[in-house]
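Novice: Supplied in structure tokens, the structure appears directly below.
The values are calculated or read from the model by the stated rules, or taken from the named source; none is laboratory data. What you see is a predicted model, and the numbers here were worked out from it, not measured in a lab. Cβ sites come from the backbone with ideal geometry, for glycine too, and all protein chains shown count toward neighbours.
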Amino acid sequence: MTGGAGFIGSHVVDLLVEKGYEVVVVDDLSTGRIENINEDAKFYNVSICSQELREIFGKERPDFVLHFAAQVNVRKSFNDPKFDANINIKGSINLLECCRYLCVDKIVYASTGGAIYGNPQYLPVDEKHPIKPLSPYGASKHAIEHYLYIYKNNYNINYISLRYGNVYGPRQDPNGEAGVIAIFTNRLLKNERPVIFGDGNQTRDFIFVEDAANAAILALERDVRKKTLNIGTGRETSVNEICNKLRSIIGNNINPIYSDPIEGEVRRICLNSDNAKRELNWKPKNSIDDGLKKTVDWFIKSEMN
């Protein structure tokens, strides 16, 4: 499991351990946190770009790989596209070569549905929608889907790519530039004004992290016909709505600050996940209101500990 100390990856690890899998986590802790790692998982503090990765594969000999390690910040991908490509493309190819070396049975890849399609021609977006990413991040994540296809055809490594919506929930870093719900929650709990980039009417398909992690487990365990699946709710929620819902849950009516829009971010997006429902028998269990309440509760408990 790459990225198993990270936000989504650590939730996936917890489910794997709960289901009785023997889990090995590879994470360089550049954005992940060691306290996120399940105590029953074996941990290597190693980057996916490192040549040490092959030694770990040789020692642990994994049957399956869940690849969740990535550079996920859209703004950072503009500021340093070489770094973005080094992690998301070169690091992933290094991982794929390790999988080829050990004849790994299957790879579950965490892709993106929020940044891969560009500005939608229709909503909700399905997997047949044209791929026109607006950011280096979106381009780098999509590139690996092509490599997965190549490795499947040439080396018989099975795979499934999950194109996630905007995942949120417990353990998301509120101090990064990605993750608007974590950032807003953190600021409102501190009685600080949240910053909204643009007019706040831009929409996203927000999916709770427990639902995102469950999709990864189903993708690992099921044989599927389609190799690329959207994982989202199919519903648009604006940034203004998120801010208002959080203010209501927290009981803080402080007004947000509006700033310049961010380059390379889509205006509207939501994902058609009908294929995931058919192939994986998956659907989100948490509404946006339920997920926000669980997220706020986690942040409050984290501040108390």
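Novice: Looking at the structure I just gave you, is Val180 under 30 Å from Leu148 (Cβ atoms), touching a His at 6+ places or on another chain (Cβ under 8 Å) and either β-branched (Val, Ile, Thr) or without any contact (Cβ under 8 Å) to a residue 60 or more places away in the chain (or both)? Even if it seems obvious, please write down each step before you answer.
Specialist: On the way: under 30 Å from Leu148 (Cβ atoms): yes; touching a His at 6+ places or on another chain (Cβ under 8 Å): no; either β-branched (Val, Ile, Thr) or without any contact (Cβ under 8 Å) to a residue 60 or more places away in the chain (or both): yes.
Spelling it out, it is not the case that Val180 is under 30 Å from Leu148 (Cβ atoms), touching a His at 6+ places or on another chain (Cβ under 8 Å) and either β-branched (Val, Ile, Thr) or without any contact (Cβ under 8 Å) to a residue 60 or more places away in the chain (or both).
Novice: Might you let me know whether region 60-83 holds any residue that is of a type in the set (Phe, Trp, Tyr), more than 20 Å from Gly179 (Cα to Cα) and crowded, with 19+ Cβ neighbours inside 10 Å?
Specialist: No, every residue in region 60-83 fails to be of a type in the set (Phe, Trp, Tyr), more than 20 Å from Gly179 (Cα to Cα) and crowded, with 19+ Cβ neighbours inside 10 Å.
Novice: Now, a different point. Out of region 269-305, which residues are modelled with pLDDT of 95 or more and not in a helix (DSSP H, G or I)?
Specialist: The answer is Ile269, Cys270, Leu271, Asn272, Ser273, Asn281, Trp282, Lys283, Pro284, Lys285, Asn286, Ser287.
Novice: Considering Gly114, Gly91, which residue is of a type outside the set (A, V, I, L, M, F, W, C), surrounded by 19 or more Cβ atoms within 10 Å (Cβ to Cβ) and part of a helix (DSSP H, G or I)? Steps first, please.
Specialist: Numbers: Gly114 fails: part of a helix (DSSP H, G or I).
It is Gly91.
Novice: Considering each of Gly251, Gly264 in turn, give the residue that is on the phi > 0 side of the Ramachandran plot, free of Cβ contacts under 8 Å to residues at least 12 places away in the same chain and not charged (D, E, K, R).
Specialist: Just a single option satisfies the conditions, and that option is Gly251.
Novice: Next question, about the same structure. Tell me which of these Lys59 doesn't satisfy, since it passes every other one: (1) within 18 Å of Val24 (Cα to Cα); (2) in a loop (DSSP other than H, G, I, E, B).
Specialist: Result: Lys59 fails condition (2) only.
Novice: Go through (1) touching a helix residue (DSSP H, G or I) at 6+ places or on another chain (Cβ under 8 Å); (2) in a helix (DSSP H, G or I); (3) not small (Gly, Ala, Ser) one by one and return the number of the condition Val224 breaks.
Specialist: Among (1) touching a helix residue (DSSP H, G or I) at 6+ places or on another chain (Cβ under 8 Å); (2) in a helix (DSSP H, G or I); (3) not small (Gly, Ala, Ser), the lone unmet condition for Val224 is (2).
Novice: Still on this structure, I have one more. Please pick out the residue among Ser77, Ser30, Ser50 that is small (Gly, Ala, Ser) and within 21 Å of Ile157 (Cβ to Cβ). So that I can check it myself, show each step before the final result.
Specialist: Details: Ser77 fails: within 21 Å of Ile157 (Cβ to Cβ); Ser30 fails: within 21 Å of Ile157 (Cβ to Cβ).
After ruling out the rest, the residue left standing is Ser50.
Novice: Taking region 198-216 as the search range and keeping residues that are touching an Asp or Glu at 6+ places or on another chain (Cβ under 9 Å) and under 14 Å from Gly113 (Cβ atoms), which one is surrounded by the most Cβ atoms within 10 Å (Cβ to Cβ)?
Specialist: Asp205
Novice: Can you spot a residue in region 233-249 that is farther than 22 Å from Arg193 by Cα, polar (S, T, N, Q) and in a strand (DSSP E or B)? Working first, answer last.
Specialist: Residues of region 233-249 farther than 22 Å from Arg193 by Cα: 233-236.
Next cut, polar (S, T, N, Q) only: 233.
When the remaining residues are screened for being in a strand (DSSP E or B), the result is none.
Within region 233-249 (the criterion being farther than 22 Å from Arg193 by Cα, polar (S, T, N, Q) and in a strand (DSSP E or B)), the answer is no, since none of the residues qualifies.
Novice: Test Arg171 against the criterion of being basic (Lys, Arg), part of a strand (DSSP E or B) and modelled with pLDDT of 95 or more, and give yes or no. Full working, then the answer.
Specialist: Details: basic (Lys, Arg): yes; part of a strand (DSSP E or B): no; modelled with pLDDT of 95 or more: yes.
Here the answer is no, as Arg171 does not meet what is asked.
Novice: Quick one: is Gly179 closer than 25 Å to Asn214 by Cβ, modelled with pLDDT under 95 and touching a helix residue (DSSP H, G or I) at 6+ places or on another chain (Cβ under 8 Å)? First the steps, then the outcome.
Specialist: Numbers: closer than 25 Å to Asn214 by Cβ: yes; modelled with pLDDT under 95: yes; touching a helix residue (DSSP H, G or I) at 6+ places or on another chain (Cβ under 8 Å): yes.
In short, yes.
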